[in-house]
Amino acid sequence: MKCGIGVDLGLDHGDLVSMRGGKPICSGEQLKGAMFFARSSTLAIEMFTIVDVRQLVVDASQAQSPPILGYKIVANDKATSMCDIDAANAARAILGLEPRATYKVPGVAEAVGPNQDLVIPIGGPLYSRDVRQIDDSGAFFNLACADDALAKRSLDGLYSGTDEKADLAALRMLTATYCHKPFTARGMSFKWKATEQTDSPEARWKGDVTNCFKSARLAHSTAKFDQLPDELLPEGCKAKPCKDWAAWQAAIVAECPKLADCPSQTNDFESFLDESKQEMKFNRKKRASSTAASN
């Protein structure tokens, strides 16, 4: 590659760079064509290539200066982006990792946008599939698909990089992780605002705790309850099939009884349902702007 061989891929002030001896050598569009190896805890190795570097297409409310760069990464000599679920799972299988969950729901359309094949770099920590922070992972960094929740957290202004508990609360909110796993699907649209809302609440979020759970996001979609994939069923609905959304929500609360509590505390986030528009609105009192995104 033009930046030389035997270099490391890393972050420098939030930018993706190649480094030698801890010093940046190449960055941005210079990384196009760069190849790197990833090794998992199983010691399996897979080679990846950055085949394209381009600016993310964002709406006016998200525009930033300088513009955000996205990177298209493929495995070996293949052409398909690692943001494609099948390509990602093929690479994960080689590395001995579990398949990436899909959480696709009939009736919830997954938007195809101009950034769907791009990743953005995000500093650590790393998170598990059940949206828990992995211990001692702060020295690592993420390559997050631009249309996924981890990247949305940054692009929508919900990521501080300094307040780990609030950053975790934001990710749990975006993924509707009420208890032990996400309960949402790609394509669920929502908004967050910094003004007080009087709409029907979904829940309140603080660190790894969710409380004041009232109305689940998926229950207000056009999804058919009896078509939900197993990943989106509480354990209680697997043991004895739930008959409707109310029973589905009750099964979630049965797994985590404290969800129903409404303690008098300051939360990082509150989420609401705007019944007139049938979309979720989120409120973080510390922020003064609003934006729209999709899980």
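No lab work stands behind these numbers, since they all come straight from the coordinates. These figures come from a predicted structure and were not determined experimentally. Here the Cβ positions follow ideal geometry from the backbone for every residue, glycine too, while neighbour counts run over all protein chains shown.
May I ask for log10 I(q)/I(0) of the stretch 118-194 at q = 0.11 Å⁻¹, from a Debye sum over the Cα atoms as equal point scatterers with solvent left out?
Values returned for q = 0.11 Å⁻¹ are -0.25.
Run the numbers on the stretch 1-82 and let me know its relative contact order in percent, using alpha-carbon pairs under 8 Å that are six or more apart.
20
From Cα pairs below 8 angstrom and at least 6 apart in sequence, can you work out the relative contact order of the stretch 136-183, rounded to a whole percent?
With pairs under 8 Å counted, the relative contact order is 23 percent.
Could you tell me which of rounded, prolate or oblate describes the stretch 64-193, using a ≥ b ≥ c as the square roots of the eigenvalues of the alpha-carbon gyration tensor, with rounded for a/c under 1.5 and, failing that, prolate when a/b is larger than b/c and oblate otherwise?
Note, shape of the stretch 64-193 comes out rounded.
For a 18 Å ceiling on Cα separation, which of these pairs sit above it: K214/K258; K152/K224; K72/K104; K32/K72?
K152/K224; K72/K104
Straight-line reach from K165: which aspartates and glutamates have Cα under 17 Å away, leaving out those fewer than 8 places along the same chain?
D130, D135, D136, D208, D268, E270
Taking K and R as +1 and D and E as -1, what net charge do the other residues with C-beta under 9 Å from the C-beta of Y71 add up to?
That sum, taken over residues with Cβ under 9 Å, equals +2.
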